[in-house]
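K.L.:
I have a structure here, written as structure tokens, and I will follow up with some questions on it.
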Amino acid sequence: MTGSGVVQTYRGPRAPMDLGTTLIHEHIFVRNPELELSLSFPEWNETAMVDRAVDSLVALHSLGIRTVVDLTVPGLGRDVRLVGRVAERVPVNLIAATGWYGAAGLPAYFEFNGPDRLVGGPDPFIELFVRDIEVGIGGTDVRAGMIKVMSGPAGITPDVERVMTAAAVAHRQTGVSITTHSHPASRIGLQQQAFLGAHGVALDRLIIGHSGDTEDLGYLRELMDNGSTIGMDRFGMEHVLDDGRRLQTVLALLEFGYADRMLLSHDAAVYSHVTPPSWRARVDPNWHMENLPRRVLPLLREAGVSQAKIDQMLVSNPKRLLEPLPREAGGDRATEEVP
């Protein structure tokens, strides 16, 4: 399908053709404000980390990166006001996301609010996702440009089903694409495709994230043959799989002709409570957003990959997926409620 319209960024709408080379699955700050009230995170210093994020994104721009999608959604400590302080100081386009990160154990608010629940009312997930996309996030004018959901080895639990159903409603209403956190060892991407497709999500607007964590070419080809794009988006996360093996998987899939259905990124963060900078520097020193332009892309070129195929994965594919579908193609305004 062909999209229509503009892409929302922290500094306002951008024409899709102006996004340029794009890292489509990254994070600026991954935090937990509630835990910060009770636990010490000695490596977190807000002023220093804002400066560090600015330096990182300025360096990325000098390396040819023009757009970064920050997939830090609620459940991962999204703070658009804080990231906005970074966005106003950098030449790179930053794109925010809506969605929910968590496979189980939703906050009590969601347990008691929504259709057929104690308090009742419409499902707050739908309100959250659609408002973030169409109005702004948390009372700001920063609008989300992508929807992110997740499921892990346990599959589509009741909580995940509720979140994914709401995401499908928001996708149909707004035309914004969905990306997932997946667990390739469980082949969970196929379950995500089946569920979201059954709920009206256009599979060519669905990204199955973290697909580069596996070397199972049959599984990856099935995801793409079903119509979705796969995220080879954890370069540098070598405690899971080293970059050499990730690279060989990309090369094999390029030989099969899948350049138009792959995305390259890192799932890196400037700062994360979960894996703080000192741990990353010691265990995964290449897990940062400069890894692709400095290390991985030269290796792809050395292996004979054309610039056209690299641009397909880093420019054309992100542009296609970030450009919202027209309302009539994305679906009628959704009125269904989530059980």
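K.L.:
Give the residue that is farthest from residue 229 (Cα to Cα), with candidates limited to residues of region 186-215 that are among the small types (Gly, Ala, Ser) and in contact (Cβ under 8 Å) with a residue 60 or more places away in the chain.
P.N.:
200
K.L.:
Please state which one of 217, 247 is surrounded by 15 or more Cβ atoms within 10 Å (Cβ to Cβ) and aliphatic (A, V, I, L, M).
P.N.:
That would be 247, the only listed residue that is surrounded by 15 or more Cβ atoms within 10 Å (Cβ to Cβ) and aliphatic (A, V, I, L, M).
Per-residue answers, yes or no, for (1) closer than 23 Å to residue 326 by Cβ; (2) surrounded by 13 or more Cβ atoms within 10 Å (Cβ to Cβ); (3) in contact with a Ser or Thr (Cβ under 8 Å, 6 or more places away or on another chain):
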{"position": "114", "(1), (2), (3)": "no, yes, no"}
{"position": "124", "(1), (2), (3)": "no, yes, no"}
{"position": "139", "(1), (2), (3)": "no, no, no"}
{"position": "142", "(1), (2), (3)": "yes, yes, no"}
{"position": "156", "(1), (2), (3)": "no, yes, no"}
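K.L.:
Specify which of the listed residues (289, 313) is part of a loop (DSSP other than H, G, I, E, B), surrounded by 14 or more Cβ atoms within 10 Å (Cβ to Cβ) and of a type in the set (A, V, I, L, M, F, W, C).
P.N.:
Within the list 289, 313, the selection yields 289.
K.L.:
Could you list all residues from region 87-125 that are closer than 23 Å to residue 70 by Cα, at pLDDT 95 or above and in contact with a strand residue (DSSP E or B) (Cβ under 6 Å, 6 or more places away or on another chain)?
P.N.:
87, 92, 93, 94, 95, 96, 97, 98, 99, 101, 124
K.L.:
Here's a follow-up. State yes or no: is residue 196 under 18 Å from the mean Cα position of the chain (by Cα), farther than 17 Å from residue 152 by Cβ and buried (at least 17 other Cβ atoms within 10 Å of the Cβ)?
P.N.:
no
K.L.:
While we're here: Hey, which of the helices (runs of 4 or more DSSP H) in region 97-178, taking only ones fully inside, have at least 2 residues that are closer than 20 Å to residue 197 by Cβ and under 19 Å from the mean Cα position of the chain (by Cα)?
P.N.:
Numbers: elements: 108-112, 124-134, 158-174.
Per the criteria, 124-134, 158-174.
K.L.:
Mind listing whichever residues of region 296-320 are farther than 22 Å from residue 146 by Cβ and in contact (Cβ under 8 Å) with a residue 60 or more places away in the chain?
P.N.:
296 - this is the single residue of region 296-320 that is farther than 22 Å from residue 146 by Cβ and in contact (Cβ under 8 Å) with a residue 60 or more places away in the chain.
The values are calculated or read from the model by the stated rules, or taken from the named source; none is laboratory data. These numbers were taken from a predicted model, which means no experiment stands behind them. Because the Cβ atoms are built from the backbone with ideal geometry, glycine has one as well, and the counts that use them run over all protein chains shown.
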